[in-house]
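Structure first, commentary second.
The values are calculated or read from the model by the stated rules, or taken from the named source; none is laboratory data. All values derive from a computational prediction rather than experimental measurement. In this analysis, Cβ positions are derived from the backbone assuming ideal geometry, glycine residues included, and neighbour counts consider all displayed protein chains.
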Amino acid sequence: MTEIFRHYDSATVGLVQSLLESEGIVTLLRNDSTSSSSVAVSDTVPTLCVADDSQEKLAVSFIREHFKEQNDTDGDEKVCASCGEKSPSNFSSCWNCNGELP
Ligand SMILES: [Zn+2]
């Protein structure tokens, strides 16, 4: 199982999950808030994982493609200072590394 997407907004994570499932990629939604062993703030961030590690690259490429299409329609995007990935302008944190966006 490999983590591929993490976002504070569970609706965004759900959207990505349905996108990947529609492409035949089996995903697992992990929300660490159910864990009793840790109380870190980041534990409440929903995380999407691929069940089959060999599909990781494929899944990531679908996610990139999806957000690229969104960018094409609204013509605006933010570039992450941490990892260099582009996120839609309505995002407050990077889709890839969850870093803060300008
Ligand atoms: Zn980033």
Tabulated pairs, the stretch 3-31, first more than 18 Å from residue 65 (Cβ to Cβ), second hydrophobic (A, V, I, L, M, F, W, C) and exposed (fewer than 14 other Cβ atoms within 10 Å of the Cβ), C-beta under 8 angstrom, 6+ apart or interchain = 26/51; 28/1; 28/51
In the stretch 52-69, which residue that is buried (at least 16 other Cβ atoms within 10 Å of the Cβ) and in contact with a Ser or Thr (Cβ under 9 Å, 6 or more places away or on another chain) is modelled with the lowest pLDDT?
-> 67
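Restricting attention to the stretch 76-83, does a residue exist that is within 17 Å of residue 11 (Cα to Cα), touching a strand residue (DSSP E or B) at 6+ places or on another chain (Cβ under 9 Å), modelled with pLDDT under 85 and not in a helix (DSSP H, G or I)? Explain how you work it out, then say what you get.
Of the residues in the stretch 76-83, the ones within 17 Å of residue 11 (Cα to Cα) are none.
No, every residue in the stretch 76-83 fails to be within 17 Å of residue 11 (Cα to Cα), touching a strand residue (DSSP E or B) at 6+ places or on another chain (Cβ under 9 Å), modelled with pLDDT under 85 and not in a helix (DSSP H, G or I).
Yes or no: the stretch 15-26 includes at least one residue that is on the phi > 0 side of the Ramachandran plot and at pLDDT 90 or above.
yes
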Would you check if there is a residue in the stretch 29-51 being modelled with pLDDT under 90, within 13 Å of the ligand (Cβ to nearest atom) and surrounded by 16 or more Cβ atoms within 10 Å (Cβ to Cβ)?
-> no
